[in-house]
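The structure under discussion appears below in the form of structure tokens.
The values are calculated or read from the model by the stated rules, or taken from the named source; none is laboratory data. Remember, it's a predicted structure, so these values are computed and weren't measured experimentally. A quick note on method: Cβ atoms are made from the backbone with ideal geometry, for glycine too, and the neighbour counts reach across all protein chains shown. All accessible areas refer to the heavy atoms of the entire protein, side chains included, with ligands and DNA or RNA removed. Shrake-Rupley method; radii C 1.70, N 1.55, O 1.52, S 1.80 Å.
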Amino acid sequence: MSNLTELHKRILTCPDCALSQSRTNAVPGEGPDNTEIMFVGEAPGWHEDQQGRPFVGPAGQYLDELLKSINLKRGNVFITNMVKCRPPGNRDPLPGEIQACRKYLDQQLLTIRPKVIVTLGRHSLARFFPGETISKVHGTSKKGNGVVYFALYHPAAALHQQSLRKTIDADILKLPQILAQLSGGEEKKPEIKQLNLF
Ligand code: URA
């Protein structure tokens, strides 16, 4: 069994925070373990909780459209969340829930070692762009430890605030250039030795 499969099995029965009491299914994430691109959202919503898969509701349909707009196949990227179980009523995950779940994302990062991490929304931004605000850094990237971090508004934000759709549609168009630069650069995946590198 691959490291990732084993990890995901553990997530499915994780009892480490109160969200385990209310979930229908934990949602570890999905995608190939040798991909270079990882998308990190916030937490599963109702549809994801029902199906045990990330981004399969309305926000996921919009994410699929965004991926299509840059000719990226959903099956070729890894998609996961900061928190693997649905917060009741789709409320924001609590700091303690994010902390309890952190080890799973850490392990996914160590196993997959993506070259590009796309943050979707505020919670993922807080981890990978600490101290930044989404309204300031959306559509921008930064490099660190051999990884490129690229910040996007959460796709659900466009469902609540129609005016953001144009912004997100434009921001995602910057991703192909980042990916093109990767293939022109060094081929080797970065050596990640410490969890706190991310
Ligand atoms: N919103 C998220 O942040 N993640 C999902 O998986 C679905 C909706």
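For the range 1-115, the Kirkwood radius over C-alpha pairs fed into Stokes-Einstein at 4 °C and 1.567 mPa s yields D = 91 µm² per second. Computed from phi, the 3J(HN,Hα) profile of the range 143-153 under the Karplus parametrisation 6.51, -1.76, 1.60 (θ = phi - 60°) reads 10, x, 6, x, 10, 9, 9, 10, 9, 10, 4 Hz, with x in place of Gly and Pro. Working from label points 7 Å from Cα in the Cα-to-Cβ sense, the Leu182 to Thr13 distance is 3.4 nm. Legend: calculated FRET efficiency, Glu6 to Asn76, from the Cβ-Cβ distance at R0 = 35 Å, rounded to 0.05, equals 0.95.
Per residue, the range 3-197 exposes an accessible area of 49 Å² to a 1.4 Å probe, with every protein chain left in place. Coupling constants for the range 168-177 follow from the phi torsions by the Karplus curve (6.51 cos²θ - 1.76 cosθ + 1.60, θ = phi - 60°), and in residue order they are 5, 4, 6, 4, 5, 5, 7, 5, x, 5 Hz; glycine and proline get x. Karplus-derived 3J(HN,Hα) values for the range 28-34, using 6.51 cos²θ - 1.76 cosθ + 1.60 with θ = phi - 60°, are x, x, 8, x, x, 7, 10 Hz; glycine and proline are entered as x. Charged neighbours of Ala151, selected by a Cβ distance under 12 Å, balance to +3 (K, R count +1; D, E count -1). Both numbers refer to the Cα atoms of the chain; Rg and Dmax are 15.8, 47 Å.
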